[in-house]
Amino acid sequence: MAHDLRTPRRSRGTSPRAVRGLRAAALGALAAVTASAALLAAPDSASAAALGTDAAVRGLDVSAYQESVDWPSVAADGASFAYIKATEGTSYISSRFSQQYEGAAQVGLIRGAYHFARPDKSSGSAQADYFIDHGGAWQPDGKTLPGVLDVEPSPDVPTCYGVAPGAMVRWIASFDDEYRSRTGRHAVINTNASWWSQCTGNSSAFAATNLLWVGSYTGTPHPLPDGWSTYAIWQTSDSGTFPGDQDLFNGTQQDLRNFAANGTYTPSPPPPAGAWPVVQQGYAGRQVTTIQYLLNAHGASLSADGSFGTATHDAVVAFQTRNQLTADGIVGPNTWQALITTVQKGDHNAAVSAVQAELNAHGASLSVDGSFGTATRDAVVAFQTRSRLTPDGIVGPNAWLQLVN
């Protein structure tokens, strides 16, 4: 979440927001095979909460950096919820908060407020009071989400704000205790596994009481900070269909309504590590290149440049529409499984190019020419052997799942 008063879009250090190019370590290959069986029939969604008929519940978070948000367009594009930056420390109130908060409500979005923590400035309880007094309170009106404590790196300050792990845990507890005392609900904690590990010493003190909003731009919510077995919201990217950051709610539309009405809910388990990644507009990199090649194999004419922009989004929507999938422009489990096609020696098409590009990302040195010859087959066999798959040289669903992870 954006927070810096001068350049509020960059904040996460080694987390996704500070360096978009960083990616989590490769997930275990065997876990991917196990996950494939569980997800072969799953609809597109960020989480196991949507393993029914509901499409992904999408939202956004914004700050003063987004000076003008076209809320009717946000609603028309499919957003269900929004979080708005209200405060930072005990001296900053977002100049856009009221406008954004009311604008979201006026178009029917369920909305809430977030506070950017500054443990180096004042006590947790003082910052909770400041947050509540300037828009961060929760109320059981069915349209207000519980407030969020955003704890992550900040530019130009010492690592972890110069606060030792034990003191950081106490600071967070002080904020949460005051927030709960005044609102009757725990604050949602927004963080990422890297910051949490370094700055709280991998504390599990809040996992049983506070819902988690995890930041991860890898196509998967993993890894989760220590103690949490699941998450309520997943920030998937810092750009995309909506202004600001792109978010997915771990649940159904009814779960979201219950969350607003009750100030809490029980999230579903996350998708397994190694599951099909969730890729959308704003992403860049290898998975996007693969999607572009696969879309071309189904009739699109995209440049395989690894940048998920408007043209790729539109091609995904068109593909989803033709295949009777939820046309949300997000490539999740169902869209991946419709896109992939079994390829083997003798094939010549864009899907082969996708395989070759993926194999190169996993250590091969192939020409990406769309021609499945002996060299490509040998590289597939070597990859399958390393991944404990049947080394038959044929790229089917399990090999595809391994490759895109």
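General observations
- Every residue from the stretch 313-355 that is acidic (Asp, Glu) and under 30 Å from Gly78 (Cα atoms): Asp314, Asp328
- Filter result (open to solvent by 10 Å² or more (accessible area, probe 1.4 Å) and among the aromatic types (Phe, Trp, Tyr)) within the stretch 148-192: Tyr161, Trp171
- There is at least one residue in the stretch 317-331 that is in contact with a strand residue (DSSP E or B) (Cβ under 6 Å, 6 or more places away or on another chain), buried (at least 17 other Cβ atoms within 10 Å of the Cβ), farther than 22 Å from Thr376 by Cβ and not small (Gly, Ala, Ser).
- Looking only at the stretch 225-250, and only at residues there that are open to solvent by 10 Å² or more (accessible area, probe 1.4 Å) and polar (S, T, N, Q), the one that is nearest to Ser268 (Cα to Cα): Thr230
- Reported count of residues in the stretch 119-147, each being part of a loop (DSSP other than H, G, I, E, B) and surrounded by fewer than 21 Cβ atoms within 10 Å (Cβ to Cβ), is 10.
- Given (1) farther than 26 Å from Leu256 by Cβ; (2) part of a helix (DSSP H, G or I), index of the condition Arg180 fails: (1)
- Checked against the criteria, Ala338 does not count as modelled with pLDDT of 95 or more, surrounded by fewer than 17 Cβ atoms within 10 Å (Cβ to Cβ) and in a helix (DSSP H, G or I).
- Residue list for the stretch 261-284, filter: part of a loop (DSSP other than H, G, I, E, B), among the small types (Gly, Ala, Ser) and open to solvent by 30 Å² or more (accessible area, probe 1.4 Å): Ser268, Ala273
- His222 under 14 Å from Gly112 (Cβ atoms), open to solvent by 30 Å² or more (accessible area, probe 1.4 Å) and touching a helix residue (DSSP H, G or I) at 6+ places or on another chain (Cβ under 9 Å): no
- In the stretch 352-365, the residues that are closer than 13 Å to Arg377 by Cα and touching a residue at least 24 places away in the same chain (Cβ under 8 Å) reach residues that are in a helix (DSSP H, G or I) and small (Gly, Ala, Ser) with C-beta atoms within less than 8 angstrom, at least six apart or across chains, in these pairs: Leu359/Ala379.
The values are calculated or read from the model by the stated rules, or taken from the named source; none is laboratory data. Given the structure is predicted, the values throughout are model-derived calculations rather than measurements. Cβ sites come from the backbone with ideal geometry, for glycine too, and all protein chains shown count toward neighbours. Accessible surface is based on the protein model in full, side chains and every heavy atom, while ligands, DNA and RNA are left aside. Shrake-Rupley method; radii C 1.70, N 1.55, O 1.52, S 1.80 Å.
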